[in-house]
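The values are calculated or read from the model by the stated rules, or taken from the named source; none is laboratory data. Everything quoted here is computed from the prediction, not taken from an experiment. For neighbour counting, all protein chains shown are included, and Cβ atoms are generated from backbone atoms with ideal geometry for every residue, glycine included.
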Amino acid sequence: MFTRSLLVLLASGFWSLASAAESRPNIILIMTDDQGFAPVGKLGHPWIRTPHMDALHEKSTRFTRFLVSPTCAPTRSAIMTGRHPLKNGVTHTILERERMTLDATILPQVLKTVGYTTGIFGKWHLGDEDAYQPRNRGFDEEFIHGGGGIGQAYKCSCADAPGNKYFNPVLRHNGKFVKTEGFCTDLFFEAATDWILQKTNGGPEARPFFAYITTNAPHSPFVAPPANTEHFKKLGFGAQEAGFYGMIENIDENIGRLLATLEERKLLENTLVIFMSDNGMTGGGSGNPNKPLGKQADGTPMNFYNADMKGLKNSTDEGGVRVPFFMRWDGHFNPGRDIDTIAAHLDILPTLADLTGAKLPENQVEGRSLLPLLKDPKAPWEDRFLFTHIGRWPTGEDPDRSKFRNYAVRNQRYRFVAPDKLYDMEKDPSQTTNVAAAHPDIISSMTTAYEQFWSEARPLMVNEDAPMSTVQPFHADYYKQKKEVGIPLWKPIGLKP
């Protein structure tokens with residue numbers, strides 16, 4: 001059945017006429033790790049080369065003020081549940097506080113109710129213990145690393161397979177470890193492409209698919225294939241910066257190959273492709289904002305570039321939470337259109353549910369469907385407050401001690417950065433002038449709304465008293481499998497259109 005939004009869109013001529021089944025597009029959500037907003041050529045970056053991201057930008061409807069969380073696991077939980085990370089129990093990225101509550105119904109489970117098959121390829125980072133793993137939460141296909149990054153391990157359950165590197169990592173495929181050959185990003189895209197081609201071979205059991213491609217790149221350590229780093233080193237970048245930008249250009253190449261495959265398979269008219277990042281740009285791999293990094297081809301200095309925004313990853317300023325958000329669906333969404341209304345990670349689940357006719361879980365989702373804006377960027381849209389909290393208070397500390405620390409409130413025009421800064425984001429998007437003294441009423445309304453938000457979130461912070469696990473599941477399961485049956489080599493099937 002069509003949802004009301006789909007019927008309205010059909011009547012307006014915005015959507016192509018189609019049967020109910022055809023109105024449910026395949027969905028590919030590509031999310032990079034720590035890239036942030038700035039390192040995309042079409043978004044103004046002066047030296048990175050991203051021709052395929054640029055082409056995707058040109059063929060997409062873009063939300064120019066799309067906001068996420070300051071760090072990775074919180075954003076991922078908001079995408080999965082449609083609500084703020086603190087309400088999912090995700091108050092950190094490690095120490096058992098990255099585990100997404102088991103009480104939530106999440107995105108793949110919602111899509112499966114309307115016939116989708118679902119796959120994840122890359123980073124999960126919402127719990128490494130078995131009950132929290134994606135294969136037990138609605139994903140039919142799982143090809144992932146563990147922990148928060150390849151090779152990471154902490155004194156808790158959050159840990160990847162032992163000894164892993166970005167080249168030739170051991171990955172988990174549907175619960176079993178496999179050896180791989182190649183660079184991590186290439187592997188995740190190859191596995192996703194294989195799976196997509198398997199699911200689109202036709203036949204009476206063909207179903208729409210949801211492919212969640214979540215690269216660990218360009219998260220540290222800043223390691224990229226040499227072919228992607230050489231020209232940055234020639235420009236004067238150090239190894240770290242060359243690795244950061246090289247990983248992004250490698251992601252771009254993989255996006256290009258994926259889109260070419262979709263085009264060859266004639267899937268683009270019935271596939272929605274979304275591109276985003278999970279938080280603001282990392283500072284570690286993107287240079288020193290106070291020190292030129294050599295010279296560009298025209299002789300001008302190369303300085304740190306963050307699209308004139310204040311803040312990086314782990315910041316409550318705009319640069320810490322603003323990311324690209326491109327939505328390409330050929331013949332359905334208008335290419336080259338910008339939407340300046342603020343939107344957020346918690347809007348993804350309700351948007352996809354609205355698009356596919358899926359029913360939202362009761363008493364969970366607080367985001368909004370973006371379909372009215374996708375139809376008409378000038379559509380009536382009630383302003384709202386979006387809340388950011390860094391979290392990450394010390395384990396064992398009462399979260400209420402951090403209630404008024406490290407938080408921000410954003411509406412369409414203003415960003416309040418606690419405790420005493422207010423910025424007019426329409427007049428001053430770079431946050432150069434604090435206008436708090438002129439608008440005490442705005443700060444008061446934002447603070448009141450934030451206090452209500454906190455009172456709702458506080459009882460849902462379910463991981464605060466969790467003991468640190470003495471078992472790292474990826475380590476334990478890896479050694480057990482290695483002893484009993486060994487670790488087989490994984491090879492992509494290499495299906496062709």
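A few comments on the model shown:
- Any chance Asn288 is at pLDDT 95 or above and either of a type in the set (S, T, N, Q) or surrounded by 20 or more Cβ atoms within 10 Å (Cβ to Cβ) (or both): no
- For segment 26-64, the set of residues classified as in contact with a strand residue (DSSP E or B) (Cβ under 6 Å, 6 or more places away or on another chain) and assigned to a helix (DSSP H, G or I) consists of Leu56, His57, listed by residue number.
- For segment 369-395, a residue qualifies if it is of a type outside the set (A, V, I, L, M) and under 21 Å from Asn26 (Cα atoms), and the qualifying residues are Ser369, Pro372, Lys375.
- Hits in segment 236-260 - residues which are in contact with a strand residue (DSSP E or B) (Cβ under 8 Å, 6 or more places away or on another chain) and either among the hydrophobic types (A, V, I, L, M, F, W, C) or outside the structural domain of Glu190 (by TED's automatic domain parsing) (or both): Ile248, Ile251, Ile255, Leu258, Leu259
- The single residue among Gln109, Gln133 that is out of contact with any Cys (no Cβ under 9 Å at 6 or more places or on another chain) and either surrounded by fewer than 18 Cβ atoms within 10 Å (Cβ to Cβ) or of a type in the set (Asp, Glu) (or both) turns out to be Gln109.
- Taking the criterion of being closer than 23 Å to Leu107 by Cβ and touching an Asp or Glu at 6+ places or on another chain (Cβ under 6 Å), the residues of segment 127-156 that qualify are Pro134, Arg135, His145, Gly146, Gly147.
- Members of segment 98-152 found to be of a type in the set (Val, Ile, Thr) and either assigned to a helix (DSSP H, G or I) or outside the structural domain of Ala353 (by TED's automatic domain parsing) (or both), listed by number: Val110
- As for segment 441-459, it holds no residue that is among the acidic types (Asp, Glu), crowded, with 16+ Cβ neighbours inside 10 Å, at pLDDT 95 or above and over 21 Å from Glu318 (Cα atoms).
- Residue check, Asp400 surrounded by fewer than 16 Cβ atoms within 10 Å (Cβ to Cβ), out of contact with any Phe, Trp or Tyr (no Cβ under 8 Å at 6 or more places or on another chain) and either in contact (Cβ under 8 Å) with a residue 40 or more places away in the chain or on the phi > 0 side of the Ramachandran plot (or both): yes
- Qualifying position, being surrounded by 21 or more Cβ atoms within 10 Å (Cβ to Cβ), over 25 Å from Ala437 (Cβ atoms) and either among the charged types (D, E, K, R) or modelled with pLDDT of 95 or more (or both), among Leu360, Leu349: Leu349
- For beta carbons closer than 8 Å, sequence separation of 6+ or different chains, a first residue in segment 465-483 that is under 29 Å from Gly396 (Cα atoms) and a second that is in a helix (DSSP H, G or I), the qualifying pairs are Pro473/Asp130.
- Residue within segment 200-220 that is assigned by TED's automatic domain parsing to the domain that holds Leu43 and more than 30 Å from Asp140 (Cβ to Cβ) present: yes
- Scanning segment 76-97 for residues that are in contact with a helix residue (DSSP H, G or I) (Cβ under 7 Å, 6 or more places away or on another chain), in a helix (DSSP H, G or I) and among the basic types (Lys, Arg) yields a count of 1.
- Against the conditions (1) closer than 25 Å to Ile27 by Cβ; (2) crowded, with 23+ Cβ neighbours inside 10 Å, Ser157 satisfies every one except (1).
- Among the conditions (1) at pLDDT below 95; (2) over 29 Å from Glu241 (Cβ atoms), Met327 misses just one, which is (1).
- Selection within segment 298-317 - at pLDDT 95 or above and among the polar types (S, T, N, Q): Asn314, Ser315, Thr316
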